[in-house]
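For reference, the structure discussed in these notes is given below.
Quick note: the coordinates plus some simple rules give every number you see, no bench work behind them. Source: prediction; values computed, not measured. Backbone-built Cβ (ideal geometry, glycine too); neighbour counts: all protein chains shown.
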Amino acid sequence: MNSITKRTICCIIAFVAVILPLTACSVPEPEVREIEATRAVPQTAEVPVEIARVVERTVDVPVTAIVEPAVEVTGEMPVTVVASPPAPPPTSDPDATSTPNPTPGPTPNPSSWTFFEGPHHPATGGKSHGLQTTGTVISPADYASVFRDPRLFLRCDGGLLETYVTWGSRFIAADFRTETITTVYQVDDEAPVNTTSDESVNNESSFFTDPAKFVRDLRAADKVVIRVTSHDNTEMTAVFPIAGLSADLPKLSCWP
């Protein structure tokens, strides 16, 4: 072979040696890229769908589990509130279970009477004792400026009950002294009672002839008005406070 042929062969070999690697490298490269791109597209499109479905299922499950109890609780709360009955108003029914406050009773009047003890009785050896109250003269008008205030006595003397008024003056003249004196008494607003009284030795007191009846008439009263008239038509009228006698009567040993 000549030199030209050798050169030509060398050039061909060199050309082939250069072209073949280029062809081997360039031809399969687009095919590989196309395959990778083909795989990447469906993977990119499918993976998010699957993730979205997973996320959707993941969200649906807890939301359903949370929402359903919330609906039940929300439905029960108003029922509980509405079902609570209002507090009953106060009742004035006497048959109610609550015990009403007791109504305070009337305050008793203070006693108008004073307890006293007298000297020993000569016959029995015991002391006389009793109750007394002081009155005010209504007539005559000038009585208070001349004499003492009259006093009403309920006395136990020798085991006997006596009721009398000491007028504080000799309103009965000695010449007209008799056994009895006309007497009228009125208890509170009751009808007047006509009776008689015995005058005392000193002509200053008048003793009721029926002391037990007189005391019974006074027991529940607040006042008594007593008027006496002597045989010379001398009148004397007085009013006496007698409240509280019922509570004080047990102090009299001669009262039944």
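Quick one: if you stick a label point 7 Å off each Cα along the C-beta vector at L160 and F115, how many nm between them?
Label at L160, label at F115, 2.5 nm between them.
Tell me, S206, S230, S139 in order of fewest to most beta-carbon neighbours within 10 Å?
Neighbour counts put them in this order, fewest first: S139, S230, S206.
May I ask you to compute the full-extension gain from K127 to N194, defined as 0.36 nm times their residue separation minus their alpha-carbon distance, rounded to one decimal in nm? Each step should come with its number before you reach the end.
Values: separation 67, 0.36 × 67 = 24.12 nm, distance 3.21 nm.
Stretched out fully, the K127 to N194 stretch lengthens by 20.9 nm.
Give me, ordered by chain and number, the residues 5 or more places off K127 or on other chains with an amide H under 5 Å from its own placed amide H.
Placed amide hydrogens put H121 under 5 Å from K127.
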